[in-house]
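The values are calculated or read from the model by the stated rules, or taken from the named source; none is laboratory data. This is a predicted model, so every value here is computed, not measured. Heads up, the Cβs are rebuilt from the backbone with ideal geometry, glycines too, and the neighbour counts pull from every protein chain shown.
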Amino acid sequence: MLELYQFELSQHSEKVRLILDYKGLEYKKIEVTPGIGQLEVFRLSGQRQVPILKDGNTVIADSTEIAFYLERKYPENPILPTDPLQRGQCLLIEEWADESISLKGRKALIGALNQNQNFRASILPKTVPDFFKSLVQSVPSELLDLMGTGIGLGAEAVKEAQKGLKQDLEALCLMLQNRPYLVGDRPTLADLAVAGTSIILKFPAGNYLEISEDLKGKGIPGLADRSDYEPFFSWRDRLYADYRKPLSSTSTTASSPTSIEIE
């Protein structure tokens, strides 16, 4: 069986999970908890980021490389168009999702976490001890903003990320106005990448992620709750309903390795 070394709330891990589900492939999730060690992940792949896919003796790192590998090895339910124009559009949108929605989304999420102590604690993996959750919850928002400024995650950086995401979401709403998918008449890597990288903007409402029930259907204020962007999130919810398998359908294990950097 395919093994996916992942972090449950990693956007790129979700992108790969969507691809695996769309292709109808069975896989086992191996959760990698931040903060303890990274030797096994490094031993497997020579680097420290997730997701990592293990298929027998083959190990692939990076969500885009995993997508290309799965398309070659398991061509049923293809995710790359054969038409040259559509293929080019698909690849451009996939790259845009990885570099724009993903990166700006993490900055905007950090801003929301800084301002909401309960949100901050609830988003941590279930394997994190309660005492550490309490410690994270008790850190003053002002201190987090100050610390973030020194590494490009201060209030101004968060504001700019949210501004860019609003433009991204507006563009997606316009692109989906008169078509079922971003490229062509069936889902492609473009759709799966955009849907996967958007999970932290607004978490899917269904039973797809191992998160608190309170977080399902919720997201970043000013993005998840704006009616202007509802066409996009409704489109994404339909994509999930049609192709994403609920948690009960996916084999999961919470085992080592237990710390890595998130792609």
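Computed values, structure above
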item: Matching residues in region 191-234 - criterion: being over 18 Å from S13 (Cβ atoms), touching a residue at least 40 places away in the same chain (Cβ under 8 Å) and assigned to a helix (DSSP H, G or I); result: D214, D228, Y229, P231, F232
item: Sole exception among (1) assigned to a loop (DSSP other than H, G, I, E, B); (2) surrounded by 14 or more Cβ atoms within 10 Å (Cβ to Cβ) for G164, by number; result: (1)
item: Checklist (1) under 30 Å from L223 (Cα atoms); (2) outside the structural domain of L201 (by TED's automatic domain parsing); (3) in contact with a Ser or Thr (Cβ under 9 Å, 6 or more places away or on another chain); (4) hydroxyl-bearing (S, T, Y) applied to T64, failing item; result: (3)
item: Residue count for region 161-186, restricted to those that are within 19 Å of the chain's Cα centre (by Cα) and of a type in the set (A, V, I, L, M); result: 5
item: Subset of region 235-263 [at pLDDT 95 or above and assigned to a helix (DSSP H, G or I)]; result: W235, R236, D237, R238, L239, Y240, A241, D242, Y243
item: Of residues in region 150-190 being among the acidic types (D, E) and free of Cβ contacts under 8 Å to residues at least 60 places away in the same chain, the one nearest to R226 (Cα to Cα); result: E170
item: Complete set of residues in region 10-29 that are closer than 20 Å to K202 by Cβ and surrounded by fewer than 23 Cβ atoms within 10 Å (Cβ to Cβ); result: D21
item: Condition check for L113: buried (at least 17 other Cβ atoms within 10 Å of the Cβ), within 27 Å of D168 (Cα to Cα), among the aliphatic types (A, V, I, L, M) and at pLDDT 95 or above; result: no
